[in-house]
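Okay, so here's the structure we're looking at.
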Amino acid sequence: MAPPSQYGGNARGAMMARMAGATASGGSGTAPLTPVDVNRVVASGEAEPTAKRARADADVVVEDARAKASTREEDETTRASTATTTATATTTATTATAVPAPARWHSSLPLPPKYEVLDDAFVALAQIGPLLRKRGQASTADNVCENVEATTRRRCTLKTLREVEGVLPGTVGLSTRAPVHDGGALDPRRVRVDVEEGAPGARAPGAGAGASRKTGSGWFDDRRKKFRAALLELVGAHHDAFVAGLDDDGGGGGGGGGGGVEVDDDGVVTSWHPKYDPTTAPDPPAARVVGAESAVVGVDPAGAGAGVAEGAALPPAAAATRDTMRSGNGTAFSAGWKRDRSEMDARELEADDLSRVEIDAEAIAARKATLGEGAEAIDDADLATVMKREMMARHENDPATRAERARRRLYDLLPGLFDAVRSWFATRDKKTAPFADIVEQILRTTTKQCASREETERGLRVLAKNAEEWCVLWVSEFTGEELWRVKKVDTTKVRFVREKLVALKEDRL
């Protein structure tokens, strides 16, 4: 038998040696093994255990995969069941809470004129707010009200903006940094107005850049419905109080359907009581201007009326603050200047008082007596409305009212004229110029022609009269023409003159 070293010193060589020995000692008739046979036998002998181990390992892997898949399917089934249960509960809760109750007052019910003004102002604000932001214009109360008036053709004041915010909070943000003065009068130019986002044509809040603009329109439609519903609620509360106070059979709860109040199958009131006059509804609540004294512009805690009327008596704490030094734009005003309201404010208050006057039955009867036959067929409420309008027209056409408005118009021009004249003299390095030339230059160089030639000339004369510390208007002894001369003063006095003109414009002098 050949030693194993002949076939190699490893296990394969030992096996070949044993096989070679067995062949050599075997019986006759058996062919000797060739090296090829030996290699085939050895290969088959070594590959069999390896294949078995591979199959065993594969079986283990398959079993593990099946176990993991089964566990994963069980987890997914459990999660799906939990999600289905949660979704069902959420859907049930949403269905129970998301269905709004039907409104009590129908949206087609007529509103008082002052409420219709607020409704129109609400729509105009949604358009004006984004427009001012795109143009980069100041979003102050005077600028916003001017655009609202141009859009709606109706009067808009700071009170209008406060009432819009009071009816539906979150519509208009009102804030100021200036202290309240002059008996509670707020300067609209110092009140910032922040109109709520989401106007028609804009994307809804939280929507992505690719969101449709129809989303913003739908959002605004919902807001407008809420605003009108809030107006109807205010009038409806007054309507209920009126119906409850009736002594005849027409009373009985306002929305119960008796006495001429029409109610549909859903319990929605579709008409006011025949004897109810919507114009008698109180003013909507006015929101507070953030930063102003709550004693002056605060809202009634009951939420049913406007804040303390401008010009009303202030509490001692608020009245004491009026005696302190007030400043504007870094310059202090003199404590000797008048702080009470001007004649213009008094005229406006008189007009407001006239709008609140209630025409009594005696005045209506006396007016019917002057109308002759058929006067008894005229409704008392309609006749009272006509009489109130006549009172307002007489006040508007009063010569005192017209004269006061003309004076206020000239005073409104003073700060702008001062800036224009001062700039014209500074760019030409002059101290004296003919008055006629200044008028021509102001009319030609002013970009916004907001005044006529007559108003500009009168405004310049008022400016020269009230700015004696800075300029003088005199007649030349040689030529006989009027000359305008600018005095040599320092920056402090120029700033003082500018602030005094602003005070004149704001009726604080």
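Is it the case that the range 420-427 has a residue that's within 21 Å of V494 (Cβ to Cβ) and charged (D, E, K, R)?
yes
Which of the following residues is at pLDDT 90 or above, of a type in the set (A, V, I, L, M) and buried (at least 19 other Cβ atoms within 10 Å of the Cβ): L460, L483?
Details: L483 fails: buried (at least 19 other Cβ atoms within 10 Å of the Cβ).
Just one listed residue meets the conditions, L460.
Out of (1) surrounded by 13 or more Cβ atoms within 10 Å (Cβ to Cβ); (2) farther than 19 Å from A406 by Cα, what's the single condition that is false for R444?
Status for R444: all satisfied but (1).
Can you list residue pairs whose Cβ atoms sit under 8 Å apart, with the first residue in the range 102-113 being more than 12 Å from A230 (Cβ to Cβ) and the second being modelled with pLDDT under 80? Count only pairs 6 or more apart in sequence or on different chains.
P102/D266; P102/G267; R104/G255; R104/G267; H106/D264
One line per residue, one yes/no per condition, for (1) among the aromatic types (F, W, Y); (2) modelled with pLDDT of 85 or more; (3) assigned to a helix (DSSP H, G or I):
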residue: A403; (1), (2), (3): no, no, yes
residue: R407; (1), (2), (3): no, no, yes
residue: F425; (1), (2), (3): yes, yes, yes
residue: K430; (1), (2), (3): no, no, no
residue: D437; (1), (2), (3): no, yes, yes
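Checking A126 against (1) at pLDDT 85 or above; (2) assigned to a loop (DSSP other than H, G, I, E, B); (3) touching an Asp or Glu at 6+ places or on another chain (Cβ under 9 Å): exactly one of these is not met. Which one?
The single condition A126 does not satisfy is (2).
Restricting the range 262-307 to residues that are of a type in the set (A, V, I, L, M, F, W, C), not in a loop (DSSP other than H, G, I, E, B) and not assigned by TED's automatic domain parsing to the domain that holds E163, which is modelled with the highest pLDDT?
First, pick out the residues of the range 262-307 that are of a type in the set (A, V, I, L, M, F, W, C): 263, 268-269, 272, 281, 286-287, 289-290, 292, 295-297, 299, 302, 304, 306.
Checking which are not in a loop (DSSP other than H, G, I, E, B) leaves us with 263, 269, 290, 295-297.
Okay, now just the ones that are also not assigned by TED's automatic domain parsing to the domain that holds E163, so 290, 295-297.
Numbers: V290: 83, A295: 36, V296: 42, V297: 39.
That would be V290.
The values are calculated or read from the model by the stated rules, or taken from the named source; none is laboratory data. A quick note: this is a predicted structure, and the numbers were derived from the prediction, not measured. So basically every Cβ, Gly included, is an ideal-geometry build from the backbone, and we count neighbours across all protein chains shown.
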